[in-house]
């Protein structure tokens, strides 16, 4: 752990509940996590939101809070072309926040804003790590296996065997640094457990995984995911994305069915609690996390985040900074891809 | 509906409970479905099993039952090379049964035996339909959407756009003929609903689907499957197989969790009934079904089938014969692939 206070630039204008809930979450994080937060956005609005939140909490502005403000006059909204906005709105909050990291004025950036814009800002301003074609979107697929990450579940629909190796390296580093799993097991997701099973992509990736420094345990199948048969389960982003959404859909369908089945058998609040729990077990995408493969710490949170989720995202950024996630990724990618 | 009595050759030596449960299921089917069943296997064993079952039911052999026996002296067992067995055990029950269909002595064959052997027998003796590279394994992915079939979930791991079109045609015909859906909707499974989303395979298949005679409604996503957003959902067999097994695994994990959550909240039998129901909703592979793409009706059932499942498999064969499934497949494949 670093002794230095981690400084986090928060895009205070991004997200459905910006800036109010972002400001609240930032104050909470600064208090509870011992981080320094810089809110980036309209100075006028942010001062107002800060004063309001603190006075509701019975405090004066700045009173013991490690929360500052940096002005940014524009916002990139959902649906705009992020690439065009990069030129047309240089003073947008996400761009100002990301530049603070590039210039060493902050250790990380956190945004609940338009994902496309956060992604483009990260790639264009901070750059990708060597060997990365596109940043990776992996993480928990379902909460039955809290130490099992699936990579990729996002943008990388068509993959080469080497891309799968990159996902495996990223997943292993995240598993060690964020989940504190010391020697994470890695598996290829396939349609059969034996070596030689799989589509062409998996068959070609298998020997690469075997020769790597990864703790590779072979192929796993779809039913192995909820039973945590490996810490890092690797697949192309097309398969991963379909699985993630199928998990959500199946969870919803089960919850609907269970509500009908349990109706009048148990008290309403108890049914509510059981089904909410099952829903949460099958819905992980709401969490957000660091964009992986970027030369800097950028955490994207869900647009619907309220203060507690904002504080969580800030905490994720703090852990990523303190664990040297990006440096470790550089080292491990360098080692495997040379 | 044909007036003619459908005659079904049943491989009575295949399956974990052969021949006892196969014989029982065959008798049940002959009685309830008005089909003629020919049990194929060791004449001695089958006569004994028939007599035993009927006497337990208080009847003499042959008394009103439309169940015959054809002798076959060998059995192909799980783990044997099916291709080698084709030469080395010409008198194996599955081969004798399948040849009866080829020679017009039966309308369909049903087996609970070793899938590899049933498949090879079907391909080698009956042959594949024109345009079929490998028989297709599709069907229900989960029971939330009883009129939604996913094709392929089996052997076709690496697909070309044209293969997906074949799956769509097969799925549509099965949907019409077996599920009685009159104009089944067809969708491509993708990582985004909009046209242009998907991996290269889906992107290339999209225009083929658009130009086809299929009732194509575009892309659907993973969460659309349990909500029946299309009748036929098409993907490569690698993705489909992983989804099928993930569905089973997630179902098991949910059932385990729910048993713990509901413990002592409801009577034990009620918990049992709720969790058994959820298990069944997420486990469809046990059902078996016709091998699709073969020039004849061949129904594979699960190895663990007992009499009721055997009778179901025979019923599936009967429906396939009476609905002219194979002729319809030939016609539709010819129309789309020309």
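None of the figures in this text is laboratory data; all of them are computed from the coordinates on show. The shown structure was predicted, so the numbers you read here are calculated from the model rather than taken from an experiment. Because the Cβ atoms are built from the backbone with ideal geometry, glycine has one as well, and the counts that use them run over all protein chains shown.
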*On average, how many beta carbons from a partner chain sit within 10 Å of the beta carbon of a residue in B:195-208?*
2
*Of the peptides B:29-36, A:217-224, how do they stack up when ordered by the mean number of other Cβ atoms within 10 Å, highest first?*
A:217-224, B:29-36
*Note the angle between two axes, namely the Cα long axis of helix A:325-337 and the longest principal axis of the Cα atoms of chain A, as a number of degrees from 0 to 90, rounded to the nearest 10.*
30
*So what does the Cα-only Debye profile of the range A:104-240 read at q = 0.10, 0.18, 0.20, 0.21 Å⁻¹, as log10 I(q)/I(0), no solvent term?*
-0.33, -1.00, -1.19, -1.29
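Translational diffusion coefficient of the range B:7-140 at 25 °C, 0.890 mPa s, Stokes-Einstein with Kirkwood Rh over Cα pairs, in µm²/s as a whole number.
Answer, rounded: 161 µm²/s.
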_Percent of Cα-Cα pairs more than 49 Å apart in the protein assembly as shown, please._
24
_P(r) histogram, all alpha-carbon pairs of the range A:202-271 included - 10 Å bins from 0, percent_ = 16, 33, 23, 16, 10, 3
*What is the distance, in nm, between label points placed 7 Å from the Cα along the Cα-to-Cβ direction at residue A:182 and at residue B:102?*
6.1
*Looking at the range B:112-192 from every direction and averaging, what is the projected area of its Cα convex hull in nm²?*
6.8
*Can you work out the FRET efficiency for the pair residue B:81 and residue A:327, with r the C-beta to C-beta distance and R0 = 51 Å, to the nearest 0.05?*
0.45
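Seen from all sides and averaged, what is the projected area of the convex hull of the Cα atoms in the range B:245-320, in nm²?
Computing the convex hull of the Cα atoms and averaging its projections yields 6.4 nm².
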_With just the Cα atoms defining each centre, how far is the range B:140-182 from the range A:264-298? Give it in Å._
32
*At 7 Å out from Cα toward Cβ: residue B:91 inter-copy label distances (nm, ascending)*: 9.4
*Going by average Cβ neighbours within 10 Å, how do the peptides A:207-216, B:42-51 rank, with the highest at the top?*
B:42-51, A:207-216
*Which whole number gives the average count of other chain Cβ atoms within 10 Å of the Cβ atoms across peptide B:218-231?*
4
*Once both axes come from the Cα atoms, what is the angle between helix B:237-262 and the longest principal axis of chain B, in degrees from 0 to 90, rounded to 10?*
80
*Show that you can apply the helix-only estimate: for chain A, add -39,500 (n - 2.57) for every DSSP H stretch of four or more residues, divide by all residues, and state [θ] at 222 nm to the nearest 500.*
-14500 deg cm²/dmol
*Starting from the coordinates of the alpha-carbon atoms of chain B, obtain the Kirkwood hydrodynamic radius over all distinct pairs and give the value in Å to one decimal.*
21.0
*Starting with the fewest neighbours, write out A:132, B:260, B:8 ranked by other beta-carbon atoms found within 10 Å of each beta-carbon.*
B:260, A:132, B:8
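Roughly how crowded by other chains is peptide A:249-260, in terms of the mean Cβ count from those chains within 10 Å of each of its Cβ atoms?
Working: counts 11, 16, 4, 4, 11, 10, 1, 3, 7, 5, 0, 0.
So the per-residue partner count for this stretch is 6.
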_Using only the alpha-carbon atoms, how far is helix B:20-33 inclined from the longest principal axis of chain B? Give it as 0 to 90 degrees, nearest 10._
80
_Förster radius 45 Å - calculated FRET efficiency between residue B:5 and residue B:128 (Cβ-Cβ, nearest 0.05)_ = 0.95
*Would you mind putting B:74-86, B:109-121 in packing order, based on average other-beta-carbon counts within 10 Å, highest first?*
B:109-121, B:74-86
